[in-house]
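A.B. asks: Take this structure first; my questions come after.
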Amino acid sequence: MKMSIDSTVELLNGVAMPRLGLGVWRTQEGEEVERAVGAALQAGYRSIDTASMYGNEAGVGRAVRDSGVPREQVFVTTKVWNDQQGYDNTLRAFEQSAANLGLGHVDLYLIHWPVKGKYKDTYRALEELYEQGRVRAIGVSNFLEHHLEDLMGACRIKPMVNQVEMHPLLTRKKLLMFCRKEGIQLESWRPLMQGNLDLPLLQELSRKYGKTPAQIVIRWHLQLGVVTIPKSVTESRIRENAGVFDFELEPEDMNRIDELNENRRFGADPDNFDF
Ligand SMILES: NC(=O)C1=CN([C@@H]2O[C@H](COP(=O)(O)OP(=O)(O)OC[C@H]3O[C@@H](n4cnc5c(N)ncnc54)[C@H](OP(=O)(O)O)[C@@H]3O)[C@@H](O)[C@H]2O)C=CC1
Ligand SMILES: O=C(O)C(=O)[C@@H](O)[C@H](O)C(=O)CO
């Protein structure tokens, strides 16, 4: 029998978060981001992942407002950038992001990267915003186990989400287990390896299931219980990437994809970044 997957996961505080969202990194502010977000909402997406660093929060907000989809049905994530961290700076950065978006509350507010010496103060500001009802959920991004342990030793409200680089060449099994044990929802960025999908196994599975390599990879994330946010500005691909709820990868194929792991990052190492 086909494994059916709900369209949302329940976060630690009971808030429902869509399992699939549209990522908008390097999607230009203005027409490009408005078109992409509009196409995604029309295709059934109900989650958009932006960040103050992406420079397109205003376009995301306009596209959501103009879509005709009720605000409460759309889950919008944004993130505090590295040079905005610290308690007071983060509260200010949030006001700017909220004004850019123009959507009232923010659904999920994340610390973008674990800036040493600052992320605990930054997180205190996120707790404050959560308690004030300005954000429906809070969490982190690019946190390794040691960052999470350090933060959880100091915070009052457990992070609800950890958004990290994850894909078939970087499977993050230990971190995934750790987050599952803690009830922290893992969310994968760069899920499609930036479009580098021409691996022989993905081509083979594409033929076997009658699905594209991108759909095979997105389905692998979903069957692992990971929330994912593939990016595209191409309408046909935006629709394609949402066509992942009508088939199921067999357990042995899930394992074969797991075995592609090379611990290979396309992005920065959270223990060694400088931006
Ligand atoms: N928290 C963090 O630090 C980070 C978060 N992110 C988030 O994660 C999102 C996704 O990651 P991202 O780095 O954008 O990379 P992805 O792995 O999502 O890949 C995006 C690339 O793949 C292409 N693509 C999309 N769909 C398909 C398809 N069906 N077939 C072939 N190619 C396809 C896109 O092209 P095209 O657009 O031309 O269609 C684009 O070039 C970001 O947009 C951002 O929201 C990303 C990096 C870091
Ligand atoms: O896209 C993001 O959210 C990121 O944080 C990264 O792309 C990061 O900015 C980076 O890779 C810088 O080179």
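A.B. asks: Is it true that Ile138 is within 14 Å of ligand 1 (Cβ to nearest atom), in contact with a strand residue (DSSP E or B) (Cβ under 7 Å, 6 or more places away or on another chain) and aliphatic (A, V, I, L, M)?
C.D. replies: Criteria not met by Ile138.
A.B. asks: May I ask you to verify whether Leu129 is more than 16 Å from ligand 2 (Cβ to nearest atom), at pLDDT 95 or above, in contact with a Gly (Cβ under 9 Å, 6 or more places away or on another chain) and hydrophobic (A, V, I, L, M, F, W, C)?
C.D. replies: No.
A.B. asks: Further question on the same structure: I'm trying to understand the selection: among the residues of region 19-62, which are more than 16 Å from ligand 2 (Cβ to nearest atom), of a type in the set (Asp, Glu) and surrounded by 22 or more Cβ atoms within 10 Å (Cβ to Cβ)?
C.D. replies: Matches in region 19-62: Glu34 only.
A.B. asks: Assess whether Arg265 counts as being in a loop (DSSP other than H, G, I, E, B) and basic (Lys, Arg).
C.D. replies: Yes, satisfied.
A.B. asks: Of all residues in region 257-272 being away from ligand 2 (no atom under 16 Å from the Cβ) and within 30 Å of Gly44 (Cα to Cα), which is surrounded by the most Cβ atoms within 10 Å (Cβ to Cβ)?
C.D. replies: Step one: filter region 257-272 for residues away from ligand 2 (no atom under 16 Å from the Cβ), giving 257-263.
Retained after the next criterion (residues that are within 30 Å of Gly44 (Cα to Cα)): 257-258.
Details: Ile257: 23, Asp258: 13.
Step by step, filter region 257-272, then rank; the result is Ile257.
A.B. asks: Please enumerate the residues belonging to region 154-163 that are buried (at least 19 other Cβ atoms within 10 Å of the Cβ), free of Cβ contacts under 8 Å to residues at least 60 places away in the same chain and either more than 14 Å from ligand 1 (Cβ to nearest atom) or in a loop (DSSP other than H, G, I, E, B) (or both).
C.D. replies: Pro159
A.B. asks: Another question, then. Quick one: in region 1-15, of everything that is of a type in the set (A, V, I, L, M, F, W, C) and open to solvent by less than 50 Å² (accessible area, probe 1.4 Å), which residue is farthest from Met53 (Cα to Cα)?
C.D. replies: Filtering region 1-15 for residues that are of a type in the set (A, V, I, L, M, F, W, C) and open to solvent by less than 50 Å² (accessible area, probe 1.4 Å), the one farthest from Met53 (Cα to Cα) comes out as Ile5.
A.B. asks: Could you tell me which residue of region 136-153 is nearest to Ile111 (Cα to Cα), considering only residues that are out of contact with any Pro (no Cβ under 8 Å at 6 or more places or on another chain) and crowded, with 23+ Cβ neighbours inside 10 Å?
C.D. replies: For region 136-153, the residue satisfying everything is Ser141.
A.B. asks: Which residues, counting only those in region 225-255, are closer than 21 Å to Val161 by Cβ and open to solvent by less than 20 Å² (accessible area, probe 1.4 Å)?
C.D. replies: Hits for region 225-255 are Val226, Val227, Thr228, Ile229, Pro230, Asn241, Val244.
A.B. asks: What number of residues within region 83-92 are open to solvent by less than 10 Å² (accessible area, probe 1.4 Å) and within 16 Å of ligand 2 (Cβ to nearest atom)? Break it down stepwise before answering.
C.D. replies: The initial filter retains those residues of region 83-92 that are open to solvent by less than 10 Å² (accessible area, probe 1.4 Å), namely 85, 90.
Cutting the leftovers down to within 16 Å of ligand 2 (Cβ to nearest atom) gives us 85.
Total meeting the criteria: 1.
A.B. asks: Could I ask something else about it? Give Gln194, Gln203, Gln185 a once-over and let me know the one that is under 14 Å from Met166 (Cβ atoms), modelled with pLDDT of 95 or more, open to solvent by 20 Å² or more (accessible area, probe 1.4 Å) and more than 10 Å from ligand 1 (Cβ to nearest atom).
C.D. replies: On inspection, the qualifying residue turns out to be Gln185.
The values are calculated or read from the model by the stated rules, or taken from the named source; none is laboratory data. Please read these numbers as outputs of a predicted model, since none were measured by experiment. Neighbour counts are summed over all protein chains in view; Cβ atoms, including those assigned to glycine, are modelled from backbone coordinates with ideal geometry. Areas reflect the complete protein model, heavy atoms only, side chains present, ligands, DNA and RNA absent. Shrake-Rupley method; radii C 1.70, N 1.55, O 1.52, S 1.80 Å.
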